[in-house]
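Please read the structure below before turning to the comments.
Throughout, read-outs are computed from the coordinates displayed, never taken from laboratory work. The shown structure was predicted, so the numbers you read here are calculated from the model rather than taken from an experiment. In this analysis, Cβ positions are derived from the backbone assuming ideal geometry, glycine residues included, and neighbour counts consider all displayed protein chains.
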Amino acid sequence: MGVALCATFCVNEASAQIKAGEGQVSIALESNSSYYMKDEVLADIDLYKDEDRKRGNFGSNDFLKVDYTLGKFSAGVQVDAYLPALYGYDLYDYQSRKSNMTGFLTKYVQWEDQNWGVRVGDIFDQFGNGLIFRAYEDRNLAFNNSLAGARAHYNFNNMVSVKVLAGLPRVYDVRTKNVVWGGDLSLSISDMAGWNDGYASIEGSYVGRYLNDISSIEFRGIDSKILNLVSGRANFEYSGFTFRGEYAAKLNNDIFAMNDEAGKGNAVYLDLGYNYKRFSVSANFRRMRGMTTRAALLDGAAFASGGNLLNYVPTLVRQHTYSLAGLNPYMGAVTGDEIGGQIDVYYSLRNPKVRNKYWNFHANFSMFNTLDHKFGGGRIDGNVDDFAKREGRNIWLDFNVDVERQWNKTWKTTFFYSYQRQDVDKYDMEHGHYADAHIFVVDATYKINKKHSMRFEAQYLAADNYQGDWVAATIEYNFAPKFSFYVSDMWNCEKMNDPENAMYDNLYFHNSTQEESHELLHYYQVGASFTHNSFRAQLSYGRNREGIVCSGGVCRKQPAYTGFNLAITLSF
Amino acid sequence: MKKLMFLMFALVMGFSASAQTLPDVKIENQEGKLISVREIVDGTPMIISFWSTTCKPCIMELNAINNNLPDWLEEVDMKVVAVSVDDARTVSRARAMTQGQGWDDYTCLYDKNQDFKRAMNVSLTPHTFIVDGQGNIVYSHSGYTPGSEEELFEKIKELK
């Protein structure tokens, strides 16, 4: 045994001396587990029922990834295990007819040379902004639509790059039978012209999808088993100015939701930027109709689930990090047809020589409207042949500012304000019902000494026409670099059984059975984290509000629960 | 079985002791041009920090490193590489932010397709690596607590 141990260590002692090019293995583990407890208060006000806990009181989403690299060659596997899935992940709704425990194995082999590369196995890639194709993974959403197939790319003197790929997309833990293929060509104008002061390129992509599963269900209006998507792009950058533009089109009839009329689609995406010294502006604009593309036309609810996607058309609005600012985030027009944009302005006021004293300013504005659209009749009056017409209208507006001040080595404060206006009836109603909210946050960090620090955060949400005012507070104590502890609470100060509020699609009120005594329902959390090198564990306990969790502009609904969470990440 | 478990454990521990090298993947620079990650290896030790516009502790860490950088540079030769893992949706905001936060001394890279992130086995951000001048990864740390940047500096100093 001793010999075996020495052999391993000695070899590795030696390998530490060997330069790049020798084989190496890396391992990464991520595990998120929850233990769900009985919470009479939540049960009393119908925020959860025992029958909602079909998979028992324990859930765990785990990911283990092992890679091997030897020079230009690499290979790897990843196991996704849901033992069973945590509540609030679409995965389970899709899998409800199958076993609770579920897993998926992804694998690849790859050769990456200086100017060319080949990969066989599961492919993660995107063309342009992802408007026609993006295969990626987001564990916060249990999302993974990697293509099982092959990819090759070639680059000629940085002037021309070509990429081709083909494969079968994944929807949660099922590999679909639909074949997806595509190609991407990028021409660097600046490299061709020998222009070194800036950068200019033009790009084009094509993606095709062949429906093998079309016979399984009835689809109105889809006339071809093949769907063609194209995209053209231009990028330009010179002396602080940036322009990026993309036009994408869906050339055949396709449907996005079960009850919608089939149609073609198109999108325009513009991205403008400017920066000078410590001042910068970035603005995005996007108009999009019928561009959401499904990986598979599945039966039932799984069709419209968040994991069934071939492209990336997320909301572009700022994803807030303060809990009350993200209480009711914009989730995009339900039809996927919207027009709007956003702008960010950053400025840092500082003397470059004095690092411990500065102001950082950031302002952001976003606005999105729906486009005129027809709704599937099934939604309006039960007659699927009837489409109700809805005119486009404003559904989202957000203006927010953060002012960050580093006073000296010990104190740092941030003030944040956001005004949000959202149409809470954005779906079927003829007229909007607007909910307005003003959110104020004060966040202060005090560094006691090199290792100890404290952070305080106080938030207030003042609401008009919607679910009432909210308060939240957090206190955090850190012992760098290993430990961190926090306590937080969040509550709604409004009378909860107000019938005026109950008529809207309110995430907070399911009905008006709440008792007076629950007027102040506290969503408290206590937690601690431990970090050692690349190992990190965080344990927390608390009551979690029913709400929307977003990651990368894509959101999922999280049910209310009380319980323990353990999150572990580890990598070698 | 016990022996096997022990062997596996020893193997895993062994790997953690071995030095990894930076993977050879393509990534966008500030101008939006694709470069190879290996190009950033130039003999200078570096801190590579993975961040995103929606990760508050990441931004806190990069600001803290920025505050200390002039003092650190007086003692050692080093550089900081800030790798944004923002995707197409927020990458332009990330570019604006690096400019508007005073991160003038950083080398900023944009991992839009998250190839570098995947190759470095980063699950949670912030995740920070110390890489020596030859491209060997000598240390990594995930998460940020105010003051943990001192540990990064200590590790960089050990490389001398």
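Site pair B:Lys56 and A:Val487 shows an inter-label distance of 1.8 nm when each label is modelled 7 Å from Cα along Cα→Cβ. Volume per residue of the convex hull around the Cα atoms, evaluated for the range B:22-158, comes out as 96 Å³. Since only A:Ser146, A:Gly307, A:Ser60 are under comparison, the one whose Cα sits farthest along the positive direction of the charge dipole of the protein assembly as shown, derived from C-beta charges on Lys, Arg, Asp and Glu, is A:Ser146.
Please list, by residue number, every one of the trypsin sites (Lys or Arg not before Pro) in the range A:130-214 that is coil in DSSP and has at most 13 other beta-carbon atoms within 10 Å. Listed in order of number, the matching sites are A:Lys177. Label point of A:Lys72 set 7 angstrom out along Cα-Cβ; within the range A:131-173, amide nitrogens under 20 Å from it belong to A:150-165. Across the range B:113-130, rounded Karplus estimates of 3J(HN,Hα) from the backbone phi angles (6.51 cos²θ - 1.76 cosθ + 1.60, θ = phi - 60°) give 9, 6, 5, 5, 4, 5, 5, 8, 6, 8, 9, 10, 9, x, 9, 10, 10, 9 Hz, Gly and Pro being marked x. When the protein assembly as shown is described by a simple charge dipole with +1 on each Lys and Arg Cβ and -1 on each Asp and Glu Cβ, the residue from A:Ser224, B:Thr98, A:Gly336 located farthest towards its positive end is B:Thr98. In this structure, A:Ala473 and B:Lys157 have a Cβ-Cβ separation that, at R0 = 41 Å, corresponds to a calculated FRET efficiency of about 0.55.
Each part gets one Cα centre, and for the range A:39-66 versus the range A:297-336 those centres are 22 Å apart.
Restricted to Cα atoms, the protein assembly as shown shows a radius of gyration and a Dmax of 25.6, 78 angstrom. Treating r as the C-beta distance of A:Asn449 and A:Asn212 and R0 as 56 Å, the FRET efficiency rounds to 0.30. Among the lysines of the range B:22-158, pairs at least eight places apart or on separate chains and with Cα atoms under 15 Å apart come to 5.
Taking chain B as a whole, the Cys residues whose C-beta sits 4.7 Å or farther from every other Cys C-beta are B:Cys108. The string of couplings for the range A:464-474 from the Karplus curve (6.51, -1.76, 1.60, θ = phi - 60°) is 10, 6, 7, 4, x, 7, 10, 10, 8, 8, 9 Hz, one whole number per residue in order, with x for Gly and Pro.
Amide H contacts under 5 Å for A:Leu324: none, restricted to partners 5 or more places along the chain or on a different chain, H placed in the peptide plane at 1.01 Å from N. Taking the Cβ-Cβ separation of A:Glu40 and A:Trp359 as r and a Förster radius of 45 Å, what is the calculated FRET efficiency to the nearest 0.05? In this case the efficiency is close to 0.40. Our estimate of slack between A:Asp113 and A:Thr410, defined as 0.36 nm per intervening residue step minus the Cα-Cα distance, is 102.1 nm. Under a 5 Å amide H cut-off, with hydrogens placed 1.01 Å from N, A:Thr562 pairs with A:Met37, A:Asn544 among residues at least 5 apart or on other chains. Ordering B:Thr54, B:Ala88, B:Asn29 by the projection of their Cα atoms onto the charge dipole of the range B:22-158, which places +1 on the Cβ of Lys and Arg and -1 on the Cβ of Asp and Glu, puts B:Ala88 at the extreme positive end.
Relative contact order of the range B:22-158, taken over Cα pairs closer than 8 Å and 6 or more residues apart, is 34 percent. Between B:Lys79 and B:Met46, B:Ile47, the built amide H atoms are under 5 Å apart, and every one of these is 5 or more places off in sequence or on another chain. Modelled spin labels at A:Asp50 and B:Val138, positioned 7 Å past Cα toward Cβ, are 6.0 nm from each other. Stretching the chain fully between A:Phe440 and A:Asn394 yields a gain of 14.2 nm (0.36 nm per residue, less the alpha carbon separation). Taking θ as phi - 60° and the Karplus parameters 6.51, -1.76 and 1.60, the scalar couplings of the range A:27-39 work out to 10, 9, 10, 10, 9, 10, 10, 9, 10, 8, 9, 7, 10 Hz in sequence order, x denoting glycine and proline.
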